[in-house]
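Chemist: One structure follows; several queries about it will come next.
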Amino acid sequence: MAEAAQANDTDLIQGRTGAWEIVLGLEVHAQVVSKAKLFSGAATAFGAEPNTQVSFVDAGFPGMLPVINEYCVEQAVRTGLGLDAEINLHSVFDRKNYFYADLPAGYQISQYLQPIVGKGTITLDLPGGRTRAVGITRLHLEQDAGKSLHDQHPTKTYVDLNRAGVALMEIVSEPDLRSAEEAGAYLKKLRSILRYLGTCDGNMEEGSLRCDVNVSVRKPGAPLGTRCEIKNVNSIRFVGQAIEYEARRQIELLEDGGEIRQETRLFDSGRGETRSMRSKEHAHDYRYFPDPDLLPLELDAAWVARIKASLPELPDAKKARFMKDFDLSTYDAGVLVGEQETADFYETVASGRDPKLAANWVISELFGALNRAGKTIAESPVSAPALGELVGLISDNTISGRIAKDVFQAMVETGKGAAAIVEEKGLRQVTDTGAIEAEIDRIMATHADKVAEYRGGKDKLFGFFVGQVMKATGGKANPAMLNELLKKKLAG
Amino acid sequence: MSLDRKTVAHIATLARIRLEPKEADALAGELEGILRWVEQLNEVDVSGVAPMSGVEQFKLPQRKDAVTDGGDRDRILANAPEAAAGFFAVPKVVE
């Protein structure tokens, strides 16, 4: 059962005058995955030479008319459905008016009173397996602005319009979040859903996913405080830092008898602080009005239903299935479904094999190796079928779990298959009772004194005998069989 | 609805129009006239009438997701008062 939007005691911040609650709402700008822009046929690819992906529409040339990209509309609807949200079959594009050097038309085509997607929900995965539902207020389609470079010339700003007109989905949350940790969980979950849907690549470094954070504080149970909006925070870590700093600033100001001014603030990641953006003082007077160049967007309910039917299995459903069918813990299932590629990889490893053992190997050994090598799962030196083969060799007792780690290391280094390495290095586990018994007898004969001590009550020596036999067999004795046989023999 | 000078000055700022103080009074009068004219529309009872987005009952035309434009930097920059290294160059906008 999801918890209500109320701060845990641990989320409260202690000030001089008592505890304070942080109230957060997030506005995420997610760049739509599409070949062409929202209202023009210019390309959207990242990293092109400046102003080479610009049409006359994007550059705001007089007389140019916008024509909407049907795929961008489909992507917005798909995202809305993935967020379990209402799809508005009738929506309207408006002009949001403001002046800035990288906005050539002097207005951004956006949606205001009638967005394409209405209320939805995101379920947060919190520590300890807790979950909590966070409301989505709306999702609307709008154009991105161009990019300004301020550091290329002492007195000039350089403007590149390649990004101008690229489709964005602005996804607005309800003020349901109560801590930096929850804001991070929200962003991670949203990014995961967008990537599963294929509607946004979620790349925060390249600016495909950008976040504005609305922060206010209040005494628990009091009405909402005045909020400040922190603009363009471009990593999950910075979102956390910006929230912590801004909440502290507001609490100190209020406790000193001051007042919060509603304003737009900028996060300075170098200093880890937020500061006022004076230039945005008038910016909230956008004078929205319906764009006379665009008729309302009318969607067909049957078309929306077809998109809904084509949605992939999303992280929450996949997680529930992994827990039910594979008996995985909440944590393991959560880690495995974070990325579609990881979930697919795991399912291949687990196919026809012990699913819990497969989960352990993917999460501990494979992720460990990938982290050390700085690689993604797509670049994994060990393929999913190859790791599955290794897990199979453990399950059928061909090798022990300990030997398997050496085999895995060899697989990472050589790219060879698990069975091939086991044969080549002679690592097949000794499961022949007679052979293990013979080793035990030999060790016991060599260490008759220790046997006597053990039988005299020095139980701790059991580990010594295990070690000796393992050493003698090159670690290949089946551990469970060895334990059982050794116990019997030592007991006399 | 009446417009004071402060409101007129604010609208001028939003529209990036430089306004001399003495022009504000005259403009306030003109703008008030326009607003009064528009306000007459409030006398019409439109309850139950859906907002109209245009006189022609067309559907919004849509386009396939294909790259059909761009790659024409010289013409994009042709009218720019100043350009450098493929960028528009404008007076520094400091944040």
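The values are calculated or read from the model by the stated rules, or taken from the named source; none is laboratory data. In this text, all values refer to a predicted model and were calculated from it rather than measured experimentally. Heads up, the Cβs are rebuilt from the backbone with ideal geometry, glycines too, and the neighbour counts pull from every protein chain shown. The protein model used for the area step is the full one, side chains on, heavy atoms only, and it has no ligands, DNA or RNA in it. Shrake-Rupley method; radii C 1.70, N 1.55, O 1.52, S 1.80 Å.
Chemist: Taking only protein heavy atoms into account and a 1.4 Å probe, give the accessible area per residue of the protein assembly as shown in Å².
Modeler: On the way: 29800 Å² over 587 residues.
The answer is 51 Å² per residue.
Chemist: Another question about this same structure. Using a Förster radius of 25 Å, what is the FRET efficiency between A:Ile13 and A:Arg271 based on their Cβ-Cβ separation? Nearest 0.05, please.
Modeler: Values: r = 21 Å, r/R0 = 0.83.
Efficiency, from the Cβ-Cβ distance: 0.75.
Chemist: Can you pull the percent of chain B's accessible area that's carbon plus sulfur, 1.4 Å probe, other chains left in place?
Modeler: Accessible surface attributable to carbon and sulfur in chain B totals 57 percent.
Chemist: For chain B, modelled as a GNM with alpha-carbon contacts under 10 angstrom, which of B:Gly71, B:Gly48, B:Gly29 fluctuates the most?
Modeler: Ranking B:Gly71, B:Gly48, B:Gly29 by mean-square fluctuation puts B:Gly71 first.
Chemist: Mind checking the mean number of beta-carbon atoms from other chains within 10 Å of the Cβ atoms in A:161-169? Working shown, then result.
Modeler: Working: counts 5, 1, 0, 0, 0, 0, 1, 0, 0.
That works out to 1 on average.
Chemist: Also, I was wondering about something else. What is the packing order of peptides A:441-449, A:101-109, A:424-432, taking the mean over residues of other C-beta atoms within 10 Å and listing the highest first?
Modeler: Working: A:441-449: 13.0, A:101-109: 19.1, A:424-432: 15.2.
For the peptides A:441-449, A:101-109, A:424-432, the packing ranking is A:101-109, A:424-432, A:441-449.
Chemist: Hey, how much of the P(r) for region A:9-307 falls beyond 26 Å, as a percent of Cα pairs? Could you put the intermediate results ahead of the total?
Modeler: Values: 21184 of 44551 pairs.
Beyond 26 Å sits 48 percent of the P(r) for region A:9-307.
Chemist: Okay, next question. Computed FRET efficiency, Cβ-Cβ of B:Ala84 and A:Phe464, R0 51 Å: what is it to the nearest 0.05? Display every interim value, and only then the final one.
Modeler: Numbers: r = 78 Å, r/R0 = 1.52.
In this case the efficiency is close to 0.10.
Chemist: Where the centroid of each part is defined by its Cα atoms, how far is region A:37-101 from region A:148-189 in Å?
Modeler: 16 Å
Chemist: Kindly work out what percent of the DSSP beta bridges joining two residues of the protein assembly as shown are antiparallel, to the nearest 5. Spell out each step's value before the answer.
Modeler: Working: 60 of 68 bridges.
Of those bridges, close to 90 percent are antiparallel.
Chemist: So for each of A:322-329, A:341-348 I average, over its residues, the number of other beta carbons within 10 Å; can you give me the resulting order with the highest mean first? Could the numbers behind the result be given before it?
Modeler: Details: A:322-329: 16.1, A:341-348: 19.6.
Peptide ranking by packing, descending: A:341-348, A:322-329.
Chemist: Shielding by partners for A:51-59, please: the mean number of other protein chain Cβ atoms within 10 Å of each residue's Cβ.
Modeler: Numbers: counts 12, 6, 7, 8, 7, 4, 1, 3, 7.
The shielding value for this peptide is 6.
Chemist: Normalised by the empirical 2.2 N^0.38 Å for globular proteins, what value does the Cα Rg of region A:241-334 take?
Modeler: Details: Rg = 23.8 Å, N = 94, 2.2 N^0.38 = 12.4 Å.
Against the compact-globule rule of thumb, the ratio is 1.92.
Chemist: While we're here: Pairs of alpha-carbon atoms within less than 8 angstrom and 6+ residues apart define the contacts here; what relative contact order does chain B have, in percent?
Modeler: It rounds to 18 percent for chain B.
Chemist: Explain nothing, just the number: relative contact order of chain A, from Cα pairs under 8 Å at least 6 residues apart, as a whole percent. If you can, show how the numbers build up before the last one.
Modeler: Working: 868 pairs, mean separation 67.5, N = 492.
Once normalised by length, the contact order is 14 percent.
Chemist: For region A:433-491, what size does the Cα cloud have along each of its three principal axes, sorted from largest down, in whole Å?
Modeler: Sorted largest first, the three principal extents are 29, 20, 17 Å.
Chemist: Ignoring ligands, DNA and RNA, what percent of the 1.4 Å accessible area of region A:352-448 is carbon and sulfur? List each step's numbers first, then the result.
Modeler: Values: 2400 of 4780 Å².
With neighbouring chains kept in place, the figure for region A:352-448 is 50 percent.
Chemist: Calculate the FRET efficiency for A:Arg442 and A:Glu313 from the Cβ-Cβ distance with a Förster distance of 56 Å, rounded to the nearest 0.05. Walk me through the numbers before you get to the answer.
Modeler: Numbers: r = 56 Å, r/R0 = 0.99.
Working from the Cβ atoms, E equals 0.50.
Chemist: Name the shape class, rounded, prolate or oblate, that the alpha-carbon gyration tensor gives for chain B, where a ≥ b ≥ c are the square roots of its eigenvalues, rounded holds for a/c under 1.5, and otherwise prolate holds if a/b is larger than b/c and oblate otherwise.
Modeler: Details: a/c = 3.78, a/b = 1.25, b/c = 3.03.
It is oblate, given that a/c is not under 1.5 and a/b is not larger than b/c.
Chemist: Past 32 Å, Cα to Cα: identify those pairs from A:Lys425/A:Lys487; A:Lys319/A:Lys405; B:Lys59/B:Lys92, in the order given.
Modeler: Working: A:Lys425/A:Lys487 30 Å; A:Lys319/A:Lys405 27 Å; B:Lys59/B:Lys92 43 Å.
Violating the 32 Å limit, Cα to Cα: B:Lys59/B:Lys92.
Chemist: Here's a follow-up. Would you calculate the separation in nanometres between label points at A:Arg306 and A:Arg372, each defined as 7 Å from the Cα along the Cα-to-beta-carbon direction?
Modeler: 5.1 nm
Chemist: Let me ask something else. What does the helix-only formula give at 222 nm for chain B: each DSSP H stretch with n ≥ 4 adding -39500 (n - 2.57), the total divided by the residues, and the result rounded to the nearest 500 deg cm²/dmol?
Modeler: Estimated from H runs of four or more residues: -11000 deg cm²/dmol.
Chemist: Write down the radius of gyration of the protein assembly as shown and its Dmax, each obtained from C-alpha positions, in Å.
Modeler: In order Rg, Dmax, the Cα atoms of the protein assembly as shown give 32.3, 115 Å.
Chemist: Something else: Total Å² of accessible surface buried at the A-B contact, 1.4 Å probe, nearest 100? Walk me through the numbers before you get to the answer.
Modeler: Working: alone 24120 and 9660 Å², together 29800 Å².
Heavy-atom accessible area buried at this interface is about 4000 Å².
Chemist: Turning to a different aspect of this structure: For region A:365-379 and region A:418-463, what is the centre-to-centre distance using only Cα atoms, to the nearest Å?
Modeler: 35 Å
Chemist: While we're looking at this one, here's another question. So how exposed is A:Met481, as accessible area in Å² (1.4 Å probe, rounded to 10)?
Modeler: It works out to around 50 Å².
Chemist: Which order do the peptides A:209-220, A:232-243 take when ranked by the mean count of other beta-carbon atoms within 10 Å per residue, highest first?
Modeler: Working: A:209-220: 21.0, A:232-243: 19.1.
Most protected by this proxy first, the peptides run A:209-220, A:232-243.
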